[in-house]
Amino acid sequence: MCGIVGYVGPRRADEILLEGLRRLEYRGYDSAGLATLTPDGQFHVAKSVGRINALAEKIAAAPLAGTTGIGHTRWATHGAPTEANAHPHFGVARDSVAGSPAVVAWSPDHATGATAGLQKVRGQETLAQPAALRDASISRSEMPTLALAHNGVIENYLPLKEKLLAEGYQFSSSTDTEVIAHLIVRSLAKMEARRSEFPADEPYAVVLAAVTHALGKLRGTYGLVILFREHPELIVAARQGSPLVVGVGQGEHFVASDASPLAGRTGKIVYLADHQIALVTADSLEVRHREHGRIEHLVHDLAASETDVDLGGYPHYMLKEIFEQPEAIENALRGRLNDQHATAVFGGLNLTPQQLRGASRILLTACGTSWHAALVGEYLIEELARIPVEVEYASELRYRNPPLEPGTLLFAITQSGETADTLAALREIKRKGHPTLALCNVVGSTIAQEADGGVYLHAGPEIGVASTKAYASQVFTLAMLALYFGRLRHLSFEAGQRIIAQLRQLPDRLRQTLDVHAAVRRIAAKYCHATNFLYLGRQYNFPTALEGALKLKEISYIHAEGYPAAEMKHGPIALVDEHTPSVFIMPQGSVYDKVMSNLEEIKARGGPVIAIAPEGDRAVARLADDVIYVPRVEEFLSPLVNIIPLQLLAYHIAILRGCDVDRPRNLAKSVTVE
Ligand code: AGP
């Protein structure tokens, strides 16, 4: 779950790469690095631990020359977040230094702050200082052959590493990635020996053959950008399982893990697919399939506008995205409600009403917050469409092998469209011959490409790691799908009209709900020192309790549990004491009285209670310590108003505890590895 970026063109690469990494930082932010390559075949490198700012400071102190370069922001999978493990990693020809098998790992010159150059390490002895790099004594052939940055996981890296070590290759990191670097160098030597067999008019034929050969030995996932010393005008990009796009500019090209670094740089984007390798220079882009050779690539218009990725005056993306929920819902419903037939309309399902009418069971699969949206979807579809629904964690479904009868329809729910477990679950159910649909926010993402059809959420780019507006769009879209399936079955025209009216009112209801901001900030100050929280709700709002607890956990690092309120007396109530706040979600509706008695059970044991209740509910105010009033909506839509105070509560408690709400520790926005 790293972010990789590349640039080749007329402009200074280091500035463009740094800005690109800033926009990709939500994908991983424990260490980072850049490498540029100048026409004289010199690599210029900077690496740092921590956020991109640390790298930017190094580069401000010692800019990197060159108009071709690659960059990486890391979410460590193999090897701790250190400078040695930060990308890019270097591939060095095994016999670059005659007579000393114990050659050589190239790594940035830590002493001088990395940028000016590389230092050559022979065994334990540090040989070269930066200045020496330009010293005639270090010949061009002793420079690294290549530099590469990687997003993904190589599952068979250990046996490959042992083989390379046995052949005399030296490693300066404990990453799986460095194996790829040396593997390509090894293949390059093999292909160089056969250079005469390659078409003389194809300058990159040998490099391409070497990359293809080396990649053939890997098992796992990768998005790769590679610089070759012999070709300072070239970036080679390769994709297998991890997302990679190319931005097509005027006399320049960009490579990135997703579209965000391209916004404002170019309006043209190419989505690379698995097994594809791209040869990218300033003026050309050639895409090859690893087995089938050259292929035509499709250039799409880039959806993301410049403004979508700036903070818009908010202190954090998370707060901005919480306040963008009304617009996100308006975007999700635009053009999708049909009054004439009192139903919803979806243009991208790619299944006929007959096929959809024939669905006898709906399987919803997802991870994290998207899984909570799926749980609300279960209530919505079962109530409005009377179709049995199963909700499965994607990481479990991909291996559980459940018996699925014909007529089972899968929905994969995902903000990023790149979550590895959700992608694998979709592929597994598709392999079994069931139709697969995606609810996805990122246009052109892998899950969107591989599903048979689907619905885009149109929530706009979600940058904050803690998902908020995408969750709201997922739940709202599931409500529209429930209406659609319901109207394909027994739901009457009048019932459809009533539901449409409530769906249309929701953006305004959410705007009203955002008025609780100040009240929630006050309540957050009261409870920000608690070390445990309980979130309790029933029916539609049991998932709201789970999502509220997850928001608090992931950004404030406070332990929190969500439960169906009635489950408390079967064990968790033992956790209740005067230091453990319980957050009750209690909309007017079918289970209000039940939730009220659950609340009294907590109060009876001295537990402080924060209640989320509809305006005008005086009864709860007599019992709860704090009440956050939200607008009244129908119960089936109440998860969308009730989640807002919980998002704001988590946000303000995290702020008060000095946490980095947009870049919480140990997390990343899209989980592209298993
Ligand atoms: C939610 O705040 C988290 N970022 C995480 O749980 C997320 O929902 C999960 O990783 C699924 O991501 P997806 O929706 O992009 O597939």
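The values are calculated or read from the model by the stated rules, or taken from the named source; none is laboratory data. Keep in mind it's a predicted model, so treat the numbers as computed, not measured. Positions of Cβ are generated from backbone atoms using ideal geometry, with glycine treated the same way; all protein chains shown enter the neighbour counts. Side chains included, ligands, DNA and RNA excluded: accessible areas come from the protein's heavy atoms. Shrake-Rupley method; radii C 1.70, N 1.55, O 1.52, S 1.80 Å.
Compute the signed sum of charges (Lys and Arg +1, Asp and Glu -1) over the other residues within less than 12 Å, Cβ to Cβ, of Ser473. Each step should come with its number before you reach the end.
Values: positive: Arg334, Arg336, Lys469; negative: Glu321, Glu324, Glu327, Glu330, Glu462.
After counting each charged neighbour, the total is -2.
I'd like the Kirkwood hydrodynamic radius of segment 443-517, using the inverse of the mean 1/r over distinct C-alpha pairs, in Å.
Details: mean 1/r = 0.0684 Å⁻¹.
Hydrodynamic radius (Kirkwood, Cα only) of segment 443-517 equals 14.6 Å.
With a 1.4 Å probe and all protein chains left in place, how much accessible area per residue does the chain have, in Å²? The partial results should precede the final answer.
Working: 24400 Å² over 674 residues.
Value returned for the chain: 36 Å² of accessible area per residue.
Helix 205-215 versus the longest principal axis of the chain: what angle, 0 to 90°, nearest 10, using Cα atoms?
50
In angstroms, what radius of gyration and Dmax does the chain have, counting Cα atoms only?
Calculated on Cα positions, Rg and Dmax stand at 27.1, 87 Å.
List, largest first, the extents of the alpha carbons of segment 140-202 along their principal axes, each in whole Å.
Here the Cα extents, ordered largest to smallest, are 38, 24, 22 Å.
Take the alpha-carbon positions of segment 411-561, form their convex hull, and give its projected area averaged over all directions (one quarter of the hull surface) in nm². Display every interim value, and only then the final one.
Numbers: hull surface 45.1 nm².
So the mean shadow area of the Cα hull is 11.3 nm².
In whole Å, what are the extents of segment 536-674 along the principal axes defined by its C-alpha atoms, from largest to smallest?
The principal-axis extents, from largest down, are 44, 33, 30 Å.
Can you give the FRET efficiency to the nearest 0.05 for Arg334 and Arg195, using r as the Cβ-Cβ distance and R₀ = 60 Å?
Values: r = 57 Å, r/R0 = 0.95.
Efficiency for this residue pair is about 0.60.
Specify, per residue and in Å³, the volume enclosed by the convex hull of the alpha carbon atoms belonging to segment 578-628.
Numbers: hull volume 3.1 nm³, N = 51.
So the per-residue hull volume is 61 Å³.
Between segment 233-296 and segment 490-554, what's the alpha-carbon centroid distance in Å?
When both Cα centres are located, 41 Å separates them.
Carbon-plus-sulfur fraction of the accessible area of segment 235-284, 1.4 Å probe, in percent? Each step should come with its number before you reach the end.
Details: 560 of 1190 Å².
Roughly 47 percent of what the probe reaches on segment 235-284 is carbon or sulfur.
Angle, helix 368-385 long axis vs. longest principal axis of the chain, Cα atoms, 0 to 90°, nearest 10?
40
Limiting things to C-alpha atoms, what are the Rg and the maximum Cα-Cα separation (Dmax) for segment 280-410, in angstroms?
Expressed in Å, the Cα Rg and Dmax of segment 280-410 come to 20.7, 56.
What figure, in Å² to the nearest 10, do you get for the accessible area of Val633 with a 1.4 Å probe and non-protein molecules left out?
Rounded to the nearest 10, that gives 40 Å².
Which ³J(HN,Hα) values in Hz, rounded to whole numbers, follow from the phi angles of segment 576-584 under the Karplus curve 6.51 cos²θ - 1.76 cosθ + 1.60, where θ = phi - 60° and Gly and Pro get x?
6, 7, 5, 9, 10, x, 10, 9, 9
What do you get for Rg/Rh over segment 508-560 if you use C-alpha atoms and the Kirkwood form of Rh? Display every interim value, and only then the final one.
Working: Rg = 12.4 Å, Rh = 12.4 Å.
Dividing the radius of gyration by the Kirkwood radius yields 1.01.
Run lengths n ≥ 4 of DSSP H only: what is the helix-derived mean residue ellipticity at 222 nm for the chain, with -39500 (n - 2.57) per run over all residues, to the nearest 500? Write out the running numbers ahead of the final one.
Values: 20 runs with 230 residues, N = 674.
Calculated mean residue ellipticity at 222 nm is -10500 deg cm²/dmol.
In percent, what relative contact order does the chain have, based on Cα pairs under 8 Å that are 6 or more apart in sequence? Mind showing how you got there, number by number?
On the way: 1567 pairs, mean separation 75.5, N = 674.
Once divided by the residue count of the chain, the mean separation gives 11 percent.
Expressed in nm to one decimal, what extension gain is obtained for the pair Glu390 and Glu494 from 0.36 nm per residue of sequence separation less their Cα-Cα distance?
Here the segment from Glu390 to Glu494 would lengthen by 34.6 nm.
State the Kirkwood hydrodynamic radius of segment 477-551 in Å, one decimal place, computed from all pairs of distinct Cα atoms.
Numbers: mean 1/r = 0.0646 Å⁻¹.
Averaging 1/r across every pair of different Cα atoms and inverting gives 15.5 Å.
Quick check: at a probe of 1.4 Å, how many percent of the accessible area of segment 137-232 sits on carbon and sulfur atoms? Walk me through the numbers before you get to the answer.
On the way: 1950 of 3580 Å².
Whole-percent figure for carbon plus sulfur exposure: 54.
For the pairs Lys47/Lys551; Lys569/Lys603; Lys217/Lys430, flag any whose C-alpha to C-alpha distance is greater than 25 Å.
Working: Lys47/Lys551 32 Å; Lys569/Lys603 13 Å; Lys217/Lys430 27 Å.
Beyond 25 Å between Cα atoms: Lys47/Lys551; Lys217/Lys430.
How long is the gain from Glu233 to Asp301 if the chain were fully straight, where each residue apart is worth 0.36 nm and the alpha carbon distance is subtracted? Spell out each step's value before the answer.
Values: separation 68, 0.36 × 68 = 24.48 nm, distance 2.56 nm.
Residue separation times 0.36 nm, minus the Cα-Cα distance, leaves 21.9 nm.
Along the charge dipole of the chain, Cβ charges K/R +1 and D/E -1, which of Tyr563, Phe493, Ala147 sits furthest on the positive end?
So the residue furthest toward the plus end is Tyr563.
Could you give me the ³J(HN,Hα) list for segment 69-78, computed from phi with Karplus coefficients 6.51, -1.76, 1.60 and θ = phi - 60°, whole Hz, x at Gly and Pro?
Residue by residue, segment 69-78 yields x, 9, x, 8, 10, 10, 10, 4, 10, 10 Hz.
Calculate how steeply helix 13-24 sits against the longest principal axis of the alpha-carbon atoms of the chain, using the helix alpha-carbon long axis, and give the answer as 0 to 90 degrees to the nearest 10.
For 13-24 against the chain, the angle is about 20 degrees.
Can you tell me the FRET efficiency between Cys528 and Gln502 if r is taken as the Cβ-Cβ distance and R0 is 45 Å, rounded to the nearest 0.05?
Details: r = 35 Å, r/R0 = 0.78.
Approximately 0.80, to the nearest 0.05.
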